[in-house]
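Notes follow the structure.
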Amino acid sequence: MFYPARYLIALAFVSTVGFLTIAAAQATQANKSLAGTITGKVTFQGKGAPGIVVGLRPGHPGLRHGLLMKTTTDQEGNYRLTGITPGNWLVMPFAPRFVVANFSFGATGKMIVVAAGESVDSIDFALLKGGVITGRVTDPDGQPLIEERITLIPADSPPPNVGNHPSGSDSWPGVTIADPKESRFASTDDRGVYRIFGVAAGHYKVAVGQEQKSGLISTTRRAYLQTFYPDTTNPAKATLVEVTEDGEVSKIDVTVRRALRSFRAKGQIVNGETGEPVPGRRWGLAKLTDNRDRGFLPATSPSNKKGEFNVEGLLPGRYAVFVEPDQDAPAFSEPVQFEVQDKDIDGIVIKTQPGATLTGRVVIEGIQDKAFFAKLSQMRLNVYVYSSAIALRNWHSAAINLDGSFIVRGLQPGTANINTVSSADSSLVKNLLILRTERYGIEQPRGIAMKAGEQIEGLAVMVAYGTGVVRGEIRYQNGVLPPGSRVVVRVTPTDKFNPITGTDVDARGHFQIERLPPGSFWLDVDVYLPGGRRGAAPMRQQVNVAGDETEVTFTLDLKPAA
């Protein structure tokens, strides 16, 4: 089943907005009748584990920075988290020497959907003693490498598969994992000695240094070509290290092959029409692989008074440099590609050009509250521009005026998708859902095509103020999902093709979709197994939302196909 870029991008963006405001709302919300509770037990060797910290974080991948709430298990290993607002949350124990049984490598917690006033029980964690890997890292002359990062890679770890999942993320619901190539790491001390603890039983590759294709490196220290235990740069020839529960593997010593040489690139930003320098303009750099952005470096300083910029610490490879979006300086630049081989690069010229402009109005349906509309100017409209030439990160954001009008300037040629409405005050936008974008009354389901300098008017962004909620459960039969699987639910109006929202299914098989206006919708369920493989056949069910809560159940047959 095909899902357009508008939906994929929207999910990723929604997940990154407003962590601090969510945290503030959690701490200050007065209506205790809406607060939920999560309880469970942490065990070790079948007995309650006392004194284990259990924490709570927002469940969306982009909001998992920082701990929002925590508690400690009692003498029987029980814990209780209270005062939880409705939404998706990640529950996790913090026990560095232990690993959680039946979790994927790098997993840290369970995703849980909490409804208003709901008490979620039996979110349990069984701990196992982690193993230890220790060793020493030296250079070709036998000298210790100090503060060098050691990376632990599971032997059966699939490569990251960005793009196979609707949010464009490699994290999974039920459990959340880090990039499998960098799930666990440590640093060497002043003797070159490292010690990684809390490692799950299994077979691992131990690596030191940096992949040459990874692009940017630090300019403050030497970087070494990635070397695997004991002394090979070929991952296929790495010697596997076996770790057992509560076991210690020592003398896993790595000798790096050679230091990597880095290079510098210099250039100038000029006005493409006049040739005059453009001072004070922020710029960005992307590492390219197959014409896709595989690593982004925002500039630490804007161009100087001569329009000049400079970047150091580049490994051999292909790059693109460009000016960053700026509504106060509405010009764009085509990405300028260059390749670093064996010397510094000079003479790069970035030429700014007049960008396209989108002009229109945000129309919010489903609410008549004057106090709400008086705060429109506190909201922003977020736009993503897709260019087929190079897949760079092209986010733009513009203010919404009190009358609902907006102007987005400085857009590069490509296809614009208007994805979300955001605000520093998340309570203003928590019920807003973009339904569609029209131009002179005609829907634009595939986005808005733009040329350089084009003035595009007559846009109407149709937004629903929705209070409808769909709560659902996925019931599994004839098997269980393997650790690291992902189940996704998408919502599409029955008279449309494009999904308008969606969510992940939690560790219990529950999901909750909010902000829905009254109407008829398709719910589509898709299963992704570790590595991005499709699981059970997609399922579809129709629901009618009337502005309140609707419940739905899916039964997912996990029996392998004959």
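The values are calculated or read from the model by the stated rules, or taken from the named source; none is laboratory data. Fair warning: this is a prediction, and the values are worked out from it, not measured in the lab. Cβ coordinates were reconstructed from backbone atoms using ideal geometry, including for glycine residues, and neighbour counts include every protein chain displayed.
Some notes on this structure:
- For segment 234-249, taking the residues that are within 25 Å of Glu211 (Cα to Cα) and among the small types (Gly, Ala, Ser), the one that is surrounded by the fewest Cβ atoms within 10 Å (Cβ to Cβ) is identified as Ala236.
- Elements of the type strands (runs of 3 or more DSSP E) sitting completely within segment 310-391 and holding at least 1 residues that are outside the structural domain of Gly414 (by TED's automatic domain parsing), under 29 Å from Arg222 (Cβ atoms) and modelled with pLDDT of 90 or more: these cover 317-323, 336-340, 345-354.
- Entry remark, segment 352-382: residues being of a type in the set (A, V, I, L, M, F, W, C) and in contact with a Phe, Trp or Tyr (Cβ under 9 Å, 6 or more places away or on another chain) number 7 in total.
- Subset of segment 444-481 (residues that are closer than 17 Å to Val525 by Cα and of a type in the set (D, E, K, R)): Arg471, Glu473, Arg475
- A search for C-beta distances below 8 Å between a residue of segment 326-342 that is free of Cβ contacts under 8 Å to residues at least 60 places away in the same chain and any residue that is in a loop (DSSP other than H, G, I, E, B) and surrounded by 18 or more Cβ atoms within 10 Å (Cβ to Cβ), counting only pairs 6+ apart in sequence or on different chains, returns Pro335/Leu392.
- Qualifying residue in segment 545-557 (condition: under 23 Å from Leu432 (Cβ atoms), modelled with pLDDT of 90 or more, not aliphatic (A, V, I, L, M) and not assigned by TED's automatic domain parsing to the domain that holds Ile418): yes
- Scan of segment 53-68 for residues that are surrounded by 17 or more Cβ atoms within 10 Å (Cβ to Cβ) and at pLDDT 90 or above, ordered by number: Val54, Gly55, Leu56
- Residue satisfying condition, being under 28 Å from Asp121 (Cβ atoms) and either of a type in the set (Asp, Glu) or in contact with a Cys (Cβ under 7 Å, 6 or more places away or on another chain) (or both), within set Asp495, Asp506: Asp506
- Just one of the listed residues (Pro538, Pro518, Pro530, Pro482) is in contact (Cβ under 8 Å) with a residue 40 or more places away in the chain, outside the structural domain of Asp156 (by TED's automatic domain parsing), touching a helix residue (DSSP H, G or I) at 6+ places or on another chain (Cβ under 8 Å) and farther than 22 Å from Asn417 by Cβ, namely Pro482.
- Taking the listed residues Pro483, Pro560, Pro530, the one that is out of contact with any strand residue (DSSP E or B) (no Cβ under 8 Å at 6 or more places or on another chain), at pLDDT below 95 and within 17 Å of Met111 (Cβ to Cβ) is Pro530, with no other qualifying.
- Restricting segment 392-411 to residues that are among the hydrophobic types (A, V, I, L, M, F, W, C) and modelled with pLDDT under 90, the residue that is surrounded by the most Cβ atoms within 10 Å (Cβ to Cβ): Leu392
- A search for C-beta distances below 7 Å between a residue of segment 440-459 that is closer than 14 Å to Thr415 by Cβ and any residue that is loosely packed, with under 14 Cβ neighbours inside 10 Å, counting only pairs 6+ apart in sequence or on different chains, returns Pro445/Phe497.
- Output for segment 227-260, where each listed residue is under 30 Å from Gly313 (Cα atoms), assigned to a loop (DSSP other than H, G, I, E, B) and touching a residue at least 60 places away in the same chain (Cβ under 8 Å): Tyr229, Ile252, Asp253, Val256, Arg257, Arg258
- Any chance Thr503 is buried (at least 17 other Cβ atoms within 10 Å of the Cβ), among the polar types (S, T, N, Q) and touching a residue at least 40 places away in the same chain (Cβ under 8 Å): yes
- Considering residues of segment 99-146 that are modelled with pLDDT under 90 and among the polar types (S, T, N, Q) only, the residue nearest to the chain's Cα centre (by Cα): Thr108
- Of the strands (runs of 3 or more DSSP E) lying entirely inside segment 84-138, those containing at least 1 residues that are touching a His at 6+ places or on another chain (Cβ under 8 Å) span 87-94, 110-114.
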